[in-house]
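Chemist: Have a look at this one.
Laboratory data are not the source of any read-out in this text; all were calculated from the coordinates shown. Just so we're clear, the structure is a prediction, and the values are computed from it rather than from any experiment. We place every Cβ from the backbone using ideal geometry, glycine too, and count neighbours over all the protein chains shown.
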Amino acid sequence: MQDRYDVIVVGAGPIGSATARHLADGGHSTLVVGPAEPAGFADHRGVWAGHYDEGRLAHVLEVPLMTSMLAMRSIRRFPELRERTGVEFTVPTHSLSVMPRETPGGSSSDWFDRDLLARNARDLGVEVDELDEDALCAAYPALSFEPGHVALVQRDAFILNPRRLVEAELAAATAAGAVLVRDEVVRTGKTDGGVLVTAASGASWRAGQVVLATGAASNATGLLPRPLLMPSFGATVVLVEVDGPDAVDMPAVMYLKYRDGRSLFGGIVMSPRPYPDGRWYVKLAGGSLLANPLDTAEEIAAWVRTGGRREDVDEALAVLHDLLPGREFGPARTRPCMVSATPTERPYIDRVDETAVIAVEGERGAMAADEIGRLTAELAVHGRWRDTIPHEVFQARWAEPGWTTAGWLAARR
Ligand SMILES: Cc1cc2nc3c(=O)[nH]c(=O)nc-3n(C[C@H](O)[C@H](O)[C@H](O)COP(=O)(O)OP(=O)(O)OC[C@H]3O[C@@H](n4cnc5c(N)ncnc54)[C@H](O)[C@@H]3O)c2cc1C
């Protein structure tokens, strides 16, 4: 192993691994440093991630348009990545967004604005169908949606396995010459003509540039000179056991469920996927996010040890029982996950200083990771922006020292 690289990528999640593979493909000597997924979470210490799961949506039913565009650029390269590595990381699905006929106000309203979503998809040349209430019932007869709800469907979407995506990106990166080290970076510092990166094991390496792809935990790593304006949260994934792949005939559903003007659920209900324990689960992740602001490494580790918010199980089961009336389900369990948001609703891909680049996208970073990684790699090695999408779109917003998610949340209430 050499001790100096063109670029060191910190974080081996979807974005870090994609950045490493684009760097290595470009012929740049690359080191990617990040821990493997921990075996469990009950006694967890240290950093966590947003991708420790088996299913993420990859589609264009997103706002803003830029998110869908990044996803599309990524999705177009999936076949090549699969072919190069032999790693399967997608299965085809219908992506169905279901929402009340009258768009309600509130924070989720854009994400479930049918006209906006449809316009975005059409701008990108992707065929989507608007379903009124009757058409929705007819198209998915196994499912029972709340009365007064309508939908939009993209029939050529994917369920993306984020763990397998990372495996594929890392396999491609290392095959192209990148070096992968399983460690946690504790310090970066300036050195002659570059940067010195030090890991928890005591190992250190030099590079011309460092890319921080540390996900929703970025403000808690101690690697940034000032906080990003980026609230971070603990999200809860609820896994409900089903008998197998055919136990439930359903697409991947983004569901904004309203009754009597009141929101009952806003989130994803993912069709059955196999999990590493050999069982099949329907996954739900809803709206308890704001209950769990996470600012420090200690808070993150403590949240992870809780295993997720137990109250979310009742909400998830209520949604499932309404959606699939009369159906019996197996046991439900929770899993902790991390997300972050940016006020621009777009990823940050930007310079921290002359030797460091930051790349984060907390909410749609799996489907868009490959393109975010490509843009990040270009910025790191060329020192200037070369894409036709203007760099302003991805510029980071920085906060004052002492800024916290908890404080930001309190100010909003
Ligand atoms: C419930 C839920 C549902 C989601 N649904 C979707 C979806 O449908 N579609 C979609 O595209 N996205 C979805 N997302 C978001 C997506 O999972 C994230 O955007 C994505 O995981 C971000 O990738 P990342 O590489 O930036 O961060 P992460 O996945 O968090 O990876 C960051 C990596 O950095 C490592 N790291 C952190 N600190 C250090 C350090 N000091 N040294 C070394 N390594 C470090 C961590 O160990 C981790 O492996 C969802 C997220 C959640 C939680």
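Chemist: Using only Cα atoms and rounding to the nearest 10 degrees, what angle (0 to 90) does helix 297-306 make with the longest principal axis of the chain?
Modeler: Taking Cα atoms only, the helix is inclined about 40 degrees.
Chemist: Could you state the per residue volume, in Å³, of the convex hull enclosing the Cα atoms of segment 12-82?
Modeler: Cα-based convex hull of segment 12-82, divided per residue, equals 137 Å³.
Chemist: In degrees, nearest 10, range 0 to 90: what is the angle between the Cα axis of helix 369-382 and the longest Cα principal axis of the chain?
Modeler: 20 degrees
Chemist: What residues have an amide H closer than 5 Å to that of LEU228, excluding those fewer than 5 places away on the same chain, when H is modeled at 1.01 Å from N in the peptide plane?
Modeler: Those lying under 5 Å, H to H, from LEU228 are ALA399.
Chemist: Additional query: Find the centroid of the Cα atoms in segment 8-32 and in segment 146-182, then give the distance between the two in whole Å.
Modeler: That distance is 16 Å.
Chemist: If you don't mind, another one. In deg cm²/dmol and to the nearest 500, what is the mean residue ellipticity at 222 nm of the chain if only DSSP H runs of at least 4 residues count, each as -39500 (n - 2.57), divided by the residue total?
Modeler: About -8000 deg cm²/dmol.
Chemist: Got a sec to turn the phi values of segment 312-319 into Karplus ³J(HN,Hα) couplings, 6.51 cos²θ - 1.76 cosθ + 1.60 with θ = phi - 60°, whole Hz, x for Gly and Pro?
Modeler: My calculation for segment 312-319 gives 5, 5, 4, 4, 5, 5, 4, 4 Hz in order.
Chemist: Relative to the longest principal axis of the chain, what angle (0 to 90°, nearest 10) does the C-alpha long axis of helix 162-175 take?
Modeler: 30 degrees
Chemist: Let me ask something else. Taking only Cα atoms of segment 254-413, what ratio of Rg to Rh do you get with Rh as the Kirkwood inverse-distance radius?
Modeler: A ratio of 1.03.
Chemist: Counting other C-beta atoms within 10 Å, and keeping those with at most 13, which DSSP coil trypsin sites (Lys or Arg not before Pro) do you find in segment 145-187?
Modeler: In loop regions of segment 145-187 (DSSP not H, G, I, E or B), the sparsely surrounded trypsin sites (Lys or Arg not before Pro) are ARG182.
Chemist: Still on this model: Whose amide H sits under 5 Å from the amide H of THR214, counting only residues 5 or more places off or on another chain, with H placed in the peptide plane?
Modeler: Placed amide hydrogens put ALA359 under 5 Å from THR214.
Chemist: So what's segment 369-413 giving for Cα Rg divided by 2.2 N^0.38 Å, two decimals?
Modeler: So segment 369-413 has a normalised radius of gyration of 1.64.
Chemist: Would you please give the residues with an amide H less than 5 Å from that of SER144, counting only those at least 5 places away or on a separate chain, with H modeled from the backbone geometry?
Modeler: LEU324
Chemist: Specify the inter-centroid distance of segment 301-328 and segment 34-55, based on alpha-carbon positions, in whole Å.
Modeler: Each part reduced to its Cα centre gives a spacing of 20 Å.
Chemist: Follow-up question, since we're still on this one. For the chain, how big is Rg over Rh, using alpha carbon atoms and the Kirkwood form of Rh?
Modeler: 0.96
Chemist: Could you work out how far the C-alpha centroid of segment 352-413 sits from that of segment 183-214, in angstrom?
Modeler: Between the Cα centre of segment 352-413 and that of segment 183-214, the gap is 19 Å.
Chemist: Here's a follow-up. In debye to the nearest 20, how big a dipole does segment 106-192 give about its Cα centre with +1 on each Lys and Arg Cβ and -1 on each Asp and Glu Cβ?
Modeler: For this selection, approximately 620 debye.
Chemist: Order of 238-244, 138-144 by packing, highest average Cβ count within 10 Å first?
Modeler: Result, highest mean first: 238-244, 138-144.
Chemist: Now for a separate question. Students often check this: by mean Cβ neighbours within 10 Å, which of 225-236, 111-122, 391-402 ranks highest, and how do the rest follow?
Modeler: 225-236, 111-122, 391-402
Chemist: Which Cα, out of GLY286, ILE372, GLY194, lies furthest along the positive dipole direction of the chain (beta carbon charges, K/R +1, D/E -1)?
Modeler: The one lying farthest along the dipole's positive direction is GLY194.
Chemist: In addition: Rank these for me by crowding, ASP322, ASP3, going from fewest to most other beta carbons within 10 Å.
Modeler: ASP3, ASP322
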